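Worksheet: the structure to be examined is printed underneath.
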Amino acid sequence: MSGATSAGWDRQQMADRLAREFQDGWIVNLGVGLPTLCSNTDIGDRDILYHAENGVIGYGPVLPPGEEDLHLVNAGGQNVSLRPGAAIVHHADSFGIIRSGRIDVTVMGAYEVSAGGDFANWRLAGAKGGGIGGAMDLAACARRVFLLLEHTTRKGEPRLVARCRLPVTARGVVTLVATNYGLFAPTGEGFAVHELAPGIDLATARAATGAPLLPA
Amino acid sequence: MARPGKVVQDFAAAVADIPDGAVIAFGGFAGPGTPYNLTRALLAQGAKRLTCIANTTGGAQQPRMPDIGMLVENGQVAKVVCSFTAATRPSDVLPFTRFYEAGAVEAELVPQGTLAERLRAAGAGIPAFYTPTAVGTELAEGRETRAINGRDYLLEYALPCDIAFLRAWRADAAGNLQFRLSQRNFGPLMAMAARLAIVEVEEPILPAGALDPDQIHTPGLFVQRLVAIPPAPEGLWTTRRQERAR
């Protein structure tokens, strides 16, 4: 994020905060955009296996220019590294991993998330086309769905809302949301506040949220 | 009697007989496995009313390489079947999207795992299947769903293709293929889903028998034509993708 506000987390800090929730032994799928930043997070001695929808199992941080392998990309098309024990499969097997419930958590970007855990990330208002990618397969089949998104749109409208206005990717699946304002969990009635980012108070977060914010 | 050879000398010859109205699957995911040379040859060949199946129509990255969006711009495409018909970031506009919004081309938007499985089914002789993906979304409206063991699933049909355009790392003259790292993506599925698989190959094509039978990703019986990619600048090679400005 390019200095729209000095308070709150920047993009890597949002990803780092969410990655703290990954449990030892989890298989984690990272989507396009903000979620790819999670593979740069230092996960300490936790054994986390990163899966990308294009069939890469066991990848690590994005590589700097000159060190990349042009045959290897993550879901966002970035040239990543492989960790020891990595494996490659084709697309049908990659989505077999997803649909058969092997993914402990998928982290995706989104336009909107509702208090009921619905989310929208494939078609913008007024657009004829959309971009689904692997989002619907992941949302329907991963054991958990976490989202990483800016708390508001560029116009300042809330992205955490009572009900999604955009067409949904899946319903009732989101359990944790990290934004530049903090860490939140949909409860049905609103969003439980698990943590607020430095410089963000509850009143500021409430003013920027389209659903009730509740004590965790 | 020996089977006809599979090695074709150049890309123009490899695509010369593609008819108007063909259904063509294009391999590739964000670069690796994308058949740039075959796509460029098809732009010159000029077949029309094509149906193009791929993960995306391309064009989101710079420098731009030959892609389905260019075939659309060239008036060769009637329909695309893709998991992206628009970019997910409002600031990005796919070249394809302008033509789609203007009604110049049809599109079928398919979740990526469903796209892969529809191709796999076509290559495996399975006419249709049920999947949990997209249940409860706009994509499932008006379509057949079925409750199995208490969960709702959506009926999806196999997606057979006339032709597959693929890019592989190594091949032997029998058509056996090896892909390298994430180049594999849709390649093995599209080869099996198509009746005519045409493959651009990065390494010099090896004599039959040079590849270990245990290390083959796509067996040659699914591959009909091979073209070795010439060195740049004559051949098109993957370059480092430029990071999009954030």
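Residue B:155 falls short on exactly one of the conditions (1) in contact with a Lys or Arg (Cβ under 7 Å, 6 or more places away or on another chain); (2) aliphatic (A, V, I, L, M); (3) closer than 19 Å to residue A:91 by Cα; (4) surrounded by fewer than 21 Cβ atoms within 10 Å (Cβ to Cβ), and that condition is (3). Step by step: first the residues of the stretch A:120-143, then only those that are charged (D, E, K, R) and at the interface with chain B (Cβ under 7 Å from one of its Cβ atoms), then the one that is surrounded by the fewest Cβ atoms within 10 Å (Cβ to Cβ). Which residue is that? Among those that are charged (D, E, K, R) and at the interface with chain B (Cβ under 7 Å from one of its Cβ atoms), it is A:128. State whether one or more residues within the stretch B:132-155 are farther than 23 Å from residue A:120 by Cα and within 12 Å of chain A (Cβ to nearest Cβ). Scanning the stretch B:132-155, I find no residue that is farther than 23 Å from residue A:120 by Cα and within 12 Å of chain A (Cβ to nearest Cβ), so the answer is no. Here B:21, B:28 are screened, and the one residue that is assigned to a loop (DSSP other than H, G, I, E, B) and surrounded by 13 or more Cβ atoms within 10 Å (Cβ to Cβ) is B:28.
Just to be sure before I move on: is residue B:2 surrounded by fewer than 18 Cβ atoms within 10 Å (Cβ to Cβ), modelled with pLDDT of 95 or more, more than 15 Å from the chain's Cα centre (by Cα) and not aromatic (Phe, Trp, Tyr) in the structure I sent? Answer is no for this residue. Could you go through the stretch A:71-81 and let me know if any residue there is more than 10 Å from chain B (Cβ to nearest Cβ), in contact with a Lys or Arg (Cβ under 9 Å, 6 or more places away or on another chain) and in contact (Cβ under 8 Å) with a residue 40 or more places away in the chain. For the stretch A:71-81, residues more than 10 Å from chain B (Cβ to nearest Cβ), in contact with a Lys or Arg (Cβ under 9 Å, 6 or more places away or on another chain) and in contact (Cβ under 8 Å) with a residue 40 or more places away in the chain: absent. The residues in the stretch A:180-213 that are over 15 Å from residue A:117 (Cα atoms) and touching a Phe, Trp or Tyr at 6+ places or on another chain (Cβ under 9 Å) can be counted, and the count is 12. Annotation note: of B:58, B:69, the sole residue that is under 22 Å from residue B:24 (Cα atoms), in contact with a helix residue (DSSP H, G or I) (Cβ under 9 Å, 6 or more places away or on another chain) and part of a helix (DSSP H, G or I) is B:69. Each residue in the stretch A:13-35 was checked for being more than 12 Å from chain B (Cβ to nearest Cβ), of a type in the set (Val, Ile, Thr) and within 12 Å of the chain's Cα centre (by Cα), and 1 of them qualify.
Once the stretch B:78-93 is narrowed to residues that are surrounded by 24 or more Cβ atoms within 10 Å (Cβ to Cβ) and of a type in the set (A, V, I, L, M), the residue that is farthest from the other protein chains (Cβ to nearest Cβ) is B:80.
Residue count for the stretch A:48-70, restricted to those that are more than 10 Å from every other protein chain (Cβ to nearest Cβ), touching a His at 6+ places or on another chain (Cβ under 8 Å) and not in a strand (DSSP E or B): 0.
Scanning the stretch B:97-108 for residues that are assigned to a helix (DSSP H, G or I), more than 8 Å from chain A (Cβ to nearest Cβ) and out of contact with any Asp or Glu (no Cβ under 8 Å at 6 or more places or on another chain) yields one hit, B:98. Would you mind stating whether residue A:85 is buried (at least 16 other Cβ atoms within 10 Å of the Cβ) and outside any helix (DSSP H, G or I)? Against the criterion (buried (at least 16 other Cβ atoms within 10 Å of the Cβ) and outside any helix (DSSP H, G or I)), residue A:85 does not qualify.
Has the stretch B:214-233 got at least one residue that is within 14 Å of chain A (Cβ to nearest Cβ), over 25 Å from residue B:162 (Cα atoms) and at pLDDT below 95? Among the residues of the stretch B:214-233, at least one is within 14 Å of chain A (Cβ to nearest Cβ), over 25 Å from residue B:162 (Cα atoms) and at pLDDT below 95, which makes the answer yes.
Applying the condition of being within 12 Å of chain B (Cβ to nearest Cβ) and farther than 22 Å from residue B:29 by Cα to the stretch A:151-169 and asking which residue is surrounded by the fewest Cβ atoms within 10 Å (Cβ to Cβ) yields A:155. For the stretch B:31-65, name all the residues that are surrounded by 20 or more Cβ atoms within 10 Å (Cβ to Cβ) and of a type in the set (S, T, N, Q). B:34, B:37, B:39, B:55, B:56, B:57 - these are the residues of the stretch B:31-65 that are surrounded by 20 or more Cβ atoms within 10 Å (Cβ to Cβ) and of a type in the set (S, T, N, Q). Among the criteria (1) exposed (fewer than 14 other Cβ atoms within 10 Å of the Cβ); (2) touching a helix residue (DSSP H, G or I) at 6+ places or on another chain (Cβ under 8 Å); (3) under 24 Å from residue A:56 (Cβ atoms), the one residue B:176 does not fulfil is (1). For the stretch A:102-114, residues that are out of contact with any Lys or Arg (no Cβ under 8 Å at 6 or more places or on another chain) and either farther than 15 Å from residue A:144 by Cβ or without any contact (Cβ under 8 Å) to a residue 40 or more places away in the chain (or both) total 1.
The values are calculated or read from the model by the stated rules, or taken from the named source; none is laboratory data. On a predicted model such as this, the values are computed, not experimentally measured, just so you know. For neighbour counting, all protein chains shown are included, and Cβ atoms are generated from backbone atoms with ideal geometry for every residue, glycine included.
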